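J.: Sending over a structure as structure tokens; questions will come in a sec.
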Amino acid sequence: MTSEIRSGIPALGTHAVSPRRQIRHTSPVDTRSMPTSSRAVIAEAPRSANSWGRHFRRNLVLTDTAIVVLATAACLLGRFGLSAAEVDVVGVSVQYVTVATLVGILWLVMLAGYRTRSVRVLGMGFAEYKGVVNASVLTFGILGILFLVFQVQIARGFFIVALPVGLGALLLDRWLWRRWLNHKRLAGHYLSRAIVVGDADDVKYVVSQVDKKSGAAYRIVGLSIPEGQHLNATFAKSVVPVISRLEDVADAVRAIGADAVIVAGKPGGSSNFIRDLGWELEGTGAELVVAASLTNVAGPRIHFRPVEG
């Protein structure tokens, strides 16, 4: 579900990198006494997004492959049975099992090319489903053009049935995996570690939304607010430390291995902050999540997506 919160702050989601250091925190926090570089710590951190993401993607690869193989095999058997049917390809007789294998390989390549297993789209919004649909339709579009160009007289029953059968099974599989993932997130697993950046009031609002949202994909592990501002970092379900000033966000990300930086509002009232932060985060692997209303000033290195919070 896409939602937007105060000051154009989007609803929230998750991504993570393994925790590397521990950070101390005090509550309430006064940034006037804050160190110039981040030394924060999170006592118990969730599994890194890189770690759980690899495991989850591996499961998706296995189920996607199984579905594509079963869909093409079922259509092949349904159309030709166990007979060794052949089709003419530019004057060469090719068995349908070979054609079905090529269809399956191209289908899986397109699913990977559309990044349908990216951690950024898993478990939230329609981007994952849209990617699966687009990859599947494009696969059969490309095949249709190739068959036409090379005048391959493919059996239409096989070609037409394989797409809806396989696509329907893929979408159902992704839905089931999403239910499983959301169930795990409710238990505090498979969450991304995020730092919330912005003015104290906006930061507090964002963290409170994530804190009370049972299905949020992010775990807030640190806050970054302007020097001189005050923030009580105690929330309903957690105590979140202020770990850096706005100038040291990239250092904080590297220190604790955060997976995402959530920009609350427009820190300091300057659009350049978001653009510069995007460049500073280059190479950290962290995702930068900003309000939709700021997309015209954010720059090309920043990722936008609907997330729940």
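J.: Taking the beta-carbon count within 10 Å as an exposure proxy, list Leu167, Leu176 from fewest neighbours to most.
T.: Details: Leu167 20, Leu176 11.
Final ranking by Cβ density, sparse to dense: Leu176, Leu167.
J.: For the ranges 242-250, 271-279, what's the packing order if you count other beta-carbon atoms within 10 Å of each residue, average per peptide, and put the highest first?
T.: Highest-to-lowest ranking by the protection proxy: 242-250, 271-279.
J.: State to the nearest 20 debye the size of the charge dipole of segment 52-185 about its Cα centre, where the only charges are +1 on K and R beta carbons and -1 on D and E beta carbons.
T.: 920
J.: For Val61 and Arg156, calculate 0.36 nm times their separation in residues minus their Cα-Cα distance, and state this gained length in nm to one decimal.
T.: Between Val61 and Arg156, full extension yields an extra 31.4 nm.
J.: Right, something else. What whole number of Å gives the distance from the Cα centroid of segment 110-174 to the Cα centroid of segment 180-217?
T.: If you average the Cα positions of each part, the centres end up 33 Å apart.
J.: As a quick test, which of the pairs Lys204/Lys266; Lys184/Lys266; Lys184/Lys213 have an alpha carbon distance above 22 angstrom in this structure?
T.: Values: Lys204/Lys266 14 Å; Lys184/Lys266 33 Å; Lys184/Lys213 14 Å.
The pairs that break the limit, which is 22 Å between Cα atoms, are Lys184/Lys266.
J.: Simple spin-label model, 7 Å along Cα-to-Cβ: Ile145 to Leu172 in nm?
T.: So the two model labels end up 3.1 nm from each other.
J.: Per residue and in cubic angstrom, what volume does the convex hull of the Cα atoms of segment 52-185 have?
T.: Spelled out: Cα convex hull of segment 52-185, divided by residues, is 98 Å³.
J.: Looking at Val109, Trp180, Ile154, which one has the Cα that reaches farthest to the positive end of the dipole of segment 105-204 (charges on Cβ: Lys, Arg +1; Asp, Glu -1)?
T.: The listed residue farthest towards the positive side: Trp180.
J.: Moving on. Compute the length gained on full extension between Asn272 and Glu86: take 0.36 nm times their separation in residues and subtract their Cα-Cα distance, giving the result in nm to one decimal.
T.: Stretched out fully, the Asn272 to Glu86 stretch lengthens by 60.8 nm.
J.: Once you have the Kirkwood Rh of segment 127-169 from its Cα pairs, apply Stokes-Einstein at 37 °C and 0.692 mPa s and quote D in µm²/s.
T.: 296
Bear in mind these aren't lab numbers, they're just calculated from the coordinates by the rules spelled out. Because the structure is predicted, anything quoted here is derived from the model rather than measured. Every residue, glycine as well, gets a Cβ built from its backbone with ideal geometry; the counts of neighbours run over all protein chains shown.
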